[in-house]
Amino acid sequence: MTTVSPLLPQAGLSGAAYRASTRQNLLTIALGWWLLGGIFVDGWAHNQFGESLETFFTPWHALFYSGFLAVAGWCLRLASVGWRQGRRGLAAFPEGYHLAALGVPVFGLGGVGDMVWHTVFGIEVGIEALLSPTHLLLFAGAALIVASPLNAAWRSPVARTAVGGVRWVAALSGASLLAATAFMHMYMWGLLTVPQGLGWVQTRGELSAVLLTALIMTAPVLLILRRFALPFGAVTVMYFVTNLGMSFMLAPGEWRVPLLAAFSGLLADALHALLRPGAARVWQLRAFAFLLPLCVWVPFLGGAVRLGLSNLSLELWLGVAVMTGLGGVALSALVFPAPLPPQALEE
């Protein structure tokens, strides 16, 4: 008689999710900041030496490509752990890191394409350097990579007010996404074009820059708020880190904007602690969404007028600030829509 041995369960295939730890997510974020820091340094170089750059092989390219290799290698190492557990395909990556699994090859393809593009067509100057097809591939890949810890935190089975580092993982990864988005919109970043002469804001195009910047800065805060209660200081870090990088790149030596961003973030953090907004507290949520942009633009525009840096009328600068607040409310309606009535759910 033949005895059949029972099948042994394969490691990692028992149905339990493979999740990165808080420390592993924080390391991903740190390496992602290496990558983003290199991208901001490259942006600074293009702004400073754009017409004199003649080669793909520059120190600033080396900085952000080394950052890419570091974060890509780390994500692949995390995937190797899942592989050894018996997981295959995207399942080998920690929960939420399928974004990095896509972002790494997208960035790599953009890097190879960028080298070929520069060799064939030369070095772009001005806004062309920001919007060339290969650079857009690089930005898309980088955004997917740095968003992975936020995605991982979002999928973690913890409460909205969980104690521990998971909320900071979400906030710091959100800061990375905000910085990457700000970089891609540097030509419309209202906080750094306005101080150079605020009278320009009276034209339609430049007014759009203020409103676009306000929406970009509000969106990631509301997105994270949908999943987590923000830890105190989260908005401060997001706003300060982003505008520190933008100031370094666009206006080296400009210290007022990063300080204003930190002050505005502190106001927003205090408002969050006071209102405790969330899906179950709708009126507090809408109020927070309205006041969040005003924390930035009232001191910025009003302060510029007070210091004699702008000749904007009270009606204009205050009206622009109110419009940013209304934009925040509109965003909150998209991120936190009203529940559908039961009848609307019927087939």
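The values are calculated or read from the model by the stated rules, or taken from the named source; none is laboratory data. Since the model is a prediction, treat every value here as computed from it, not as a measurement. Cβ coordinates were reconstructed from backbone atoms using ideal geometry, including for glycine residues, and neighbour counts include every protein chain displayed.
Here are the numbers:
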| quantity | calculated |
| --- | --- |
| Residue in the range 164-172 that is crowded, with 21+ Cβ neighbours inside 10 Å and in contact with a Leu (Cβ under 6 Å, 6 or more places away or on another chain) present | yes |
| Members of the range 264-277 that are farther than 13 Å from residue 175 by Cβ and crowded, with 18+ Cβ neighbours inside 10 Å | 264, 267, 268, 269, 271, 272, 277 |
| Verdict on residue 77 being at pLDDT below 95 and surrounded by fewer than 16 Cβ atoms within 10 Å (Cβ to Cβ) | no |
| Flag if residue 327 is surrounded by 19 or more Cβ atoms within 10 Å (Cβ to Cβ), in the same structural domain as residue 238 (by TED's automatic domain parsing) and not β-branched (Val, Ile, Thr) | yes |
| Condition met for residue 148 (polar (S, T, N, Q) and outside the structural domain of residue 66 (by TED's automatic domain parsing)) | no |
| Qualifying residue in the range 239-261 (condition: surrounded by fewer than 23 Cβ atoms within 10 Å (Cβ to Cβ) and in a strand (DSSP E or B)) | no |
| The range 278-302: number of residues that are without any contact (Cβ under 8 Å) to a residue 40 or more places away in the chain and not aromatic (Phe, Trp, Tyr) | 10 |
| Where residue 230 falls short, out of the listed (1) touching a residue at least 60 places away in the same chain (Cβ under 8 Å); (2) part of a helix (DSSP H, G or I) | (2) |
| Matching entry among 338, 330 (being among the aliphatic types (A, V, I, L, M), out of contact with any Lys or Arg (no Cβ under 9 Å at 6 or more places or on another chain) and closer than 19 Å to residue 218 by Cα) | 330 |
| Test: residue in the range 275-291 that is under 27 Å from residue 37 (Cβ atoms) and part of a helix (DSSP H, G or I) | no |
